[in-house]
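Student: What follows is a structure written as C-alpha cells; I'll ask about it next.
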Amino acid sequence: MNVQFVASVAPIVRDADAARSFYRDALGLSFEGEDGDYMFTHKLEGTKHFGLWPLSEAANACFGTTEWPTDIPVPQASIEFEVPDVAAAAAELTAKGYRLIHGARTEPWTQITARLLSPEGLLVAVCYSPTFHDTPDR
C-alpha cells in the first residue's frame, strides 16, 4: 500500500449545531465552505481537508440511504488516506481479510473512494482526490 498523505479528517456528527458551536466557536476553527450541513476547510495546517460530516450524509455516501444500518457500529470520525490506485489498495485490504463497506467508486465530488471500518470503529477510506493533485497550493 502506498499511502501518500492524510487527505481528510472529519468528525461524524449527529448534531450539526452542537458540532459547529464546538469546532468553530470553542476551538476557533474557520470553515470556508458548506454543502448543506457539511462544513469544511482546506486551510487548517496539518490536514488537506477537515470537515464536519453529518451521520446522515456519511450513511448516504456509504450505503445510499440517510440511515446508518443498525447492524454496523456507528463511526465517530472519518479519516481518508490518499493512494495512487484505489482499486489496488481496496484489493490489498480485502486480500488481508478486511471487509469493505464498498469498493472503489467515484463520488459525485470526483474523489475515488473505497471505505471500511477500522478495528476501533473509524470510517476509513483509501482514496484518490483529484483536487489535491490539480492545484499546487494544496
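Student: Tell me the label-point distance for the pair R24, W109, using the 7 Å Cα-to-Cβ offset, in nm and rounded to one decimal.
Tutor: In this crude spin-label approximation the distance works out to 1.7 nm.
Student: Is the C-alpha gyration tensor of the stretch 60-112 telling us rounded, prolate or oblate? Criteria: a/c under 1.5 is rounded; beyond that, a/b larger than b/c is prolate, otherwise oblate.
Tutor: oblate
Student: May I pose another question? With a point put 7 Å past each Cα toward its Cβ, work out how far E32 is from L44 in nm, to one decimal.
Tutor: 1.5 nm
Student: Please work out whether the stretch 1-99 counts as rounded, prolate or oblate from its C-alpha gyration tensor, where a ≥ b ≥ c are the square roots of the eigenvalues and a/c under 1.5 means rounded, while otherwise a/b larger than b/c means prolate and anything else oblate?
Tutor: oblate
Student: Residue by residue through the stretch 20-37, what is 3J(HN,Hα) from phi via Karplus (6.51 cos²θ - 1.76 cosθ + 1.60, θ = phi - 60°)? Round to whole Hz and write x for glycine and proline.
Tutor: So the Karplus estimates, Gly and Pro as x, are 4, 4, 5, 6, 7, 7, 6, 8, x, 6, 9, 10, 9, x, 9, 9, x, 8 Hz.
Student: Measuring from centroid to centroid over Cα atoms, what is the spacing of the stretch 1-20 and the stretch 85-115 in Å?
Tutor: 17 Å
Student: Under 1.5 on a/c is rounded, so check that first for the stretch 28-86, then, if it is not, pick prolate when a/b is larger than b/c and oblate when it is not; a ≥ b ≥ c are the square roots of the alpha carbon gyration tensor eigenvalues.
Tutor: It comes out oblate by the Cα gyration axes.
Student: Mean-square fluctuation check for the chain, GNM, Cα pairs under 10 Å: which of E57, E92, E82 is largest?
Tutor: Looking only at E57, E92, E82, the largest GNM fluctuation is found for E92.
Rule-based calculations on the coordinates, nothing more; no lab input. All figures in this text were calculated on a predicted structure; none of them were measured in a lab. Cβ sites come from the backbone with ideal geometry, for glycine too, and all protein chains shown count toward neighbours.
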